[in-house]
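Asker: Please see the structure below; I have some questions.
Read the figures in this text as sums done on the coordinates, not as results from a lab. The structure presented is a predicted model; accordingly, all values stated were derived computationally and were not measured. Cβ placement follows ideal geometry from the backbone for every residue including glycine, while neighbour counts extend to all protein chains displayed.
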Amino acid sequence: MNQLIECVPNFSEGNDLGIIQEITAQIRAVNGVQLLDVDPGKATNRTVVTFVGTPDAVIEAAYLAIRKAAELIDMQNHKGAHPRMGATDVCPLIPIANISMEETAKWALKLAKRVAEELAIPVYLYEHAQEDKSRSNLAVIRAGEYEGIADKIIQSKWKPDFGPAIFNQKTGNIAIGARDFLIAYNVNLNTKSTRIANRIAFDIREAGRVIREGNAFTGKIKLDANGEELRIPGSLKHVKAIGWYIEEYKIAQLSMNLTNYLATPLHIAFDEVCEKARERGVRVTGSELVGLIPLQAMLDAGNYFLKKQQISEGLSESEIIHIAIKSLGLDEIAPFDPQKKIIEYCLKTEEKQLINLTIQEFSDETASESPAPGGGSVAALCGVLGISLGAMVGNLSANKRGWEEKTTYFSDLAVSAQLLKKELMLLIDEDTNAFNRIMDAFLLPKDNQAMLNARILAIEQASKYATEIPYRTMQIAYKTVALLKEMVENGNKNSITDAGVGLLCIKTAVRGAYFNVMINAKSLKDDVFAKSMKEKAKTLLAKNHEEIDNILTKVEEAIHF
């Protein structure tokens, strides 16, 4: 499998879209790279770009973008709210798939060396790419910003890791590193006061605030025995924060970097800022993401707010994300499109998938002369519809007035139903993929005995897989029976027939998948494997039908009068 790394360079230009487009055009032109997001900020005069690809392609694209930025951006004329020290201010690499942080750091060093040697830009390594931990923190490296480079770069302890220790007035310096995924997140306040925003930043950021003698804001900073600043730590771990005023929005913002969103999640940071803002007499009005965010972070936020509202968490993925967007106010300043802001959605390929078709498109595709999708995919779809009804009854039961003590119980069941639904949805496409594998195997050449043997083996392996997939559909569909039984017996009685229809869908799903197991096993040359699959399928079919028929009797009893 391909190694994938993400690159998130920050360019010191957020107003001239022509310059931004010229820089991003360099990235788009590199094969093996996918440009995911371009996020310019006028007040910060800074653009955050996100792209992903194989390591060598990412390094090439990053180099070309840095070179173009050095050509087009003159730091002597740059002004902006965000701390900065160079035309390409920072260029982090983040491991995404099949690559370690150690390997990613080596790619960062390769990029840093090339930038320094070919562009004569002083380069500082940071985070995991920097061995000297006293200068691995980006904020420490950037202290003094562009205006302080001339004095800082000539100090022996601030000699660049690569490139000349000479102030490049046009490009400034650049920090190149390897780090974990970081969420750049701004919270909007109903004030224009940068002073208040910064005080809230000091309240919550891990570094906290320095302790001063006398006046808390202007007094002399207290030092410990080693000459280090004494500090009062903030309330949130793994959070960096600063307050600033955004002329574009006419508000002050608290700008945060969540460097470990698993330890300090987005929703916890948001709620903490809300509380600290309230204590200082201001109110949070919304927030915005800079760049992309992992799907799980959004789902965790949505579920967090659903739990606070004491309603069921067993909603679809899209509904949970909608709750997160509205609860965090992510669409206050500009529309928030999950397809463009959630990294997993941005990485989806354009490959046609059955589960992304409309009902009309799916039925038309099924009704066409093509043999796929066929009965196996439709069986899995029946399973999806069956457990979806189970999730619906679970949510209705969890949110039923007077059943507040049962909310958590039925919410958990609805969540379980959503997970089973997701597994069955994947099997809709996988059953068709399994059939296509057999067709591909039959198309293999048979010009000589070796080719013929390879073709026979490929057909056998593909046929085994095409037997296993519908059996998997049977297994997952059967798992839903216990949940639907609970809905019939103890769920909202007004929806008992919905649970009953769900059971009928599951009965069809299991029997339909059984048909596919049997017909595919029939063509196998491996008699032992074929016999085993047939016996398991027959046993599961009988068990499923017996249990469902017993439950449906209770549905029948409930509806007769």
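Asker: If you project the alpha carbons of the stretch 317-391 onto the principal axes, what extent comes out on each, in Å, largest first?
Answerer: Principal-axis extents of the stretch 317-391 (Cα, largest first): 49, 31, 19 Å.
Asker: Tell me the GluC sites (Glu not before Pro) within the stretch 314-419 that lie in a loop according to DSSP and have at most 11 other beta-carbon atoms within 10 Å.
Answerer: On the way: sites: Glu317, Glu319, Glu332, Glu344, Glu350, Glu351, Glu361, Glu365, Glu369, Glu404, Glu405; in loops: Glu332, Glu350, Glu351, Glu369.
Sparse-neighbourhood loop GluC sites (Glu not before Pro): Glu350, Glu351, Glu369.
Asker: Let me ask another. Over the Cα atoms of the stretch 354-559, how large are the radius of gyration and the largest Cα-Cα distance (Dmax), in Å?
Answerer: When restricted to Cα atoms, the stretch 354-559 yields Rg and Dmax of 19.7, 74 Å.
Asker: Along the charge dipole of the chain, Cβ charges K/R +1 and D/E -1, which of Leu483, Thr408, Thr24 sits furthest on the positive end?
Answerer: Thr408
Asker: Please state, rounded to one decimal and in Å, the Kirkwood hydrodynamic radius that the chain gives when every pair of distinct Cα atoms enters the mean of 1/r.
Answerer: Details: mean 1/r = 0.0365 Å⁻¹.
One decimal place: 27.4 Å for the Kirkwood radius.
Asker: Follow-up. Please state the charge dipole magnitude for the stretch 354-559, taken about the Cα centre, from unit charges on C-beta atoms (+1 on K and R, -1 on D and E), reported in debye and rounded to the nearest 20.
Answerer: 440
Asker: What whole-number distance in Å separates the alpha-carbon centres of the stretch 432-457 and the stretch 34-91?
Answerer: First find each Cα centre; the distance between them is then 49 Å.
Asker: Local charge sum around Gln296 (other residues, Cβ-Cβ under 12 Å, Lys/Arg +1, Asp/Glu -1)? Please list the in-between numbers first.
Answerer: On the way: positive: none; negative: Asp300, Glu317, Glu344.
Combined, the nearby Lys, Arg, Asp and Glu give -3.
Asker: I'd like the Karplus ³J(HN,Hα) series for the stretch 43-49: coefficients 6.51, -1.76, 1.60, θ = phi - 60°, whole numbers in Hz, and an x wherever there's a Gly or Pro.
Answerer: Rounded to whole hertz, the list is 5, 7, 6, 8, 10, 9, 10.
Asker: What GluC sites (Glu not before Pro) does the stretch 200-234 have in DSSP loop regions with at most 12 other beta carbons within 10 Å? Don't jump to the answer; show the numbers that get you there.
Answerer: Numbers: sites: Glu206, Glu213, Glu228, Glu229; in loops: Glu206, Glu213, Glu228.
Passing sites in the stretch 200-234 are Glu213, Glu228.
Asker: Taking only the Cα atoms of the stretch 183-346, how large is their convex hull per residue, in Å³? Please list the in-between numbers first.
Answerer: Details: hull volume 20.7 nm³, N = 164.
Taking only Cα atoms, the stretch 183-346 has a hull volume of 126 Å³ per residue.
Asker: At a Cα cut-off below 18 Å, give the lysines reachable from Lys538, other chains included and same-chain residues fewer than 8 away excluded.
Answerer: Lys464, Lys479, Lys507, Lys522
Asker: Beyond 23 Å, how much of the Cα-Cα pair distribution for the stretch 4-178 remains, as a whole percent? Write down the numbers at each step before the final one.
Answerer: On the way: 5035 of 15225 pairs.
More than 23 Å apart: 33 percent of the Cα pairs in the stretch 4-178.
Asker: Follow-up question, since we're still on this one. Net charge around Thr44, counting only other residues with Cβ within less than 12 Å of its Cβ (Lys, Arg = +1; Asp, Glu = -1)? Let's see the in-between values first.
Answerer: On the way: positive: Lys42, Arg46, Lys79, Arg84; negative: Glu13, Asp39, Asp89, Glu247, Glu248, Glu288.
Charge balance near Thr44 sits at -2.
Asker: Return the long-range amide H neighbours of Ser136 (sequence gap of 5 or more, or a different chain), with a cut-off of under 5 Å between placed amide H atoms.
Answerer: none
Asker: Just need log10 I(q)/I(0) for the stretch 164-203 at q = 0.18, 0.23 Å⁻¹, Debye formula, equal scatterers on the alpha-carbon atoms, no solvent, rounded to two decimals.
Answerer: Taking Cα atoms of the stretch 164-203 as identical point scatterers yields -0.80, -0.81.
Asker: Right, next: Let me check I've understood the local charge: for Gly500, count other residues with C-beta under 15 angstrom from its C-beta, Lys and Arg +1, Asp and Glu -1. What total comes out? Provide the component values of the computation, followed by the final result.
Answerer: Details: positive: Lys485, Lys493, Lys507, Lys554; negative: Glu486, Glu489, Asp498, Glu547, Asp549, Glu556, Glu557.
Residues close to Gly500 contribute a combined charge of -3.
Asker: Only loop residues by DSSP count here, and only those with at most 13 other Cβ atoms within 10 Å; note down the trypsin sites (Lys or Arg not before Pro) in the stretch 462-537 that meet that.
Answerer: Numbers: sites: Lys464, Arg472, Lys479, Lys485, Lys493, Lys507, Arg511, Lys522, Lys525, Lys531, Lys534, Lys536; in loops: Lys525.
Sites meeting the loop and neighbour criteria: Lys525.
Asker: What FRET efficiency would be calculated for the residue pair Lys133, Gln310, taking the C-beta separation as r and a Förster radius of 45 Å, to the nearest 0.05?
Answerer: Details: r = 45 Å, r/R0 = 1.01.
The calculated FRET efficiency here is 0.50.
Asker: Compute the relative contact order of the chain as a whole-number percentage, counting only Cα pairs closer than 8 Å that sit 6 or more residues apart in sequence. Don't jump to the answer; show the numbers that get you there.
Answerer: Working: 1070 pairs, mean separation 54.1, N = 561.
With pairs under 8 Å counted, the relative contact order is 10 percent.
Asker: For Thr408 and Gln169, what is the calculated FRET efficiency with R₀ set at 51 Å and r taken between the beta-carbons, to the nearest 0.05?
Answerer: Details: r = 62 Å, r/R0 = 1.22.
Computed FRET efficiency for Thr408 and Gln169 comes out at 0.25.
Asker: As I understand it, the dipole of the stretch 4-178 uses +1 on the Cβ of Lys and Arg and -1 on the Cβ of Asp and Glu, about the Cα centre. Which of Ala139, Val58, Ile96 lies farthest toward its positive end?
Answerer: Ala139
Asker: Please get the size of the charge dipole for the chain, origin at its Cα centre, with Cβ charges of +1 on Lys and Arg and -1 on Asp and Glu, quoted in debye to the nearest 20. Write out the running numbers ahead of the final one.
Answerer: Numbers: 65 positive and 72 negative charges, 226 e Å.
Once rounded to the nearest 20, the dipole reads 1080 debye.
Asker: Contour minus end-to-end for Ser100 and Lys554, with contour as 0.36 nm per residue of separation and end-to-end as the Cα-Cα distance?
Answerer: Values: separation 454, 0.36 × 454 = 163.44 nm, distance 5.50 nm.
Extra length available between Ser100 and Lys554 comes to 157.9 nm.
Asker: Using the alpha-carbon atoms, what tilt in degrees (0 to 90, nearest 10) does helix 496-522 show relative to the longest principal axis of the chain?
Answerer: Here the helix axis deviates by roughly 80 degrees.
Asker: Okay, moving on. For Ile174, Ile311, Ile242, what's the fewest-to-most ordering of other Cβ within 10 Å of each Cβ? Present the calculation step by step, with values, prior to reporting the outcome.
Answerer: Values: Ile174 30, Ile311 16, Ile242 19.
By the 10 Å Cβ count, ascending: Ile311, Ile242, Ile174.
Asker: How much length is gained if the chain between Thr539 and Gln296 is pulled fully straight, taking 0.36 nm per residue apart and subtracting their Cα-Cα distance, in nm to one decimal? Walk me through the intermediate numbers first.
Answerer: Values: separation 243, 0.36 × 243 = 87.48 nm, distance 3.78 nm.
Fully extending the segment from Thr539 to Gln296 adds 83.7 nm.
Asker: 5 Å is the cut-off here: which amide hydrogens, built 1.01 Å from N in the peptide plane, fall below it relative to Ile99, excluding neighbours closer than 5 in sequence?
Answerer: Placed amide hydrogens put Leu4 under 5 Å from Ile99.
Asker: Also, quick follow-up: In nm, give the distance between the simple-model label positions of Ala225 and Val210, each being 7 Å from the Cα along the Cα-to-Cβ direction.
Answerer: So the two model labels end up 2.2 nm from each other.
Asker: Here is a further query. If you place +1 on the Cβ of every Lys and Arg, -1 on the Cβ of every Asp and Glu, and leave all else neutral, what size is the dipole of the stretch 387-478 about its Cα centre, to the nearest 20 Debye? List each step's numbers first, then the result.
Answerer: Numbers: 10 positive and 11 negative charges, 31 e Å.
The dipole of the stretch 387-478 has a size of about 160 debye.
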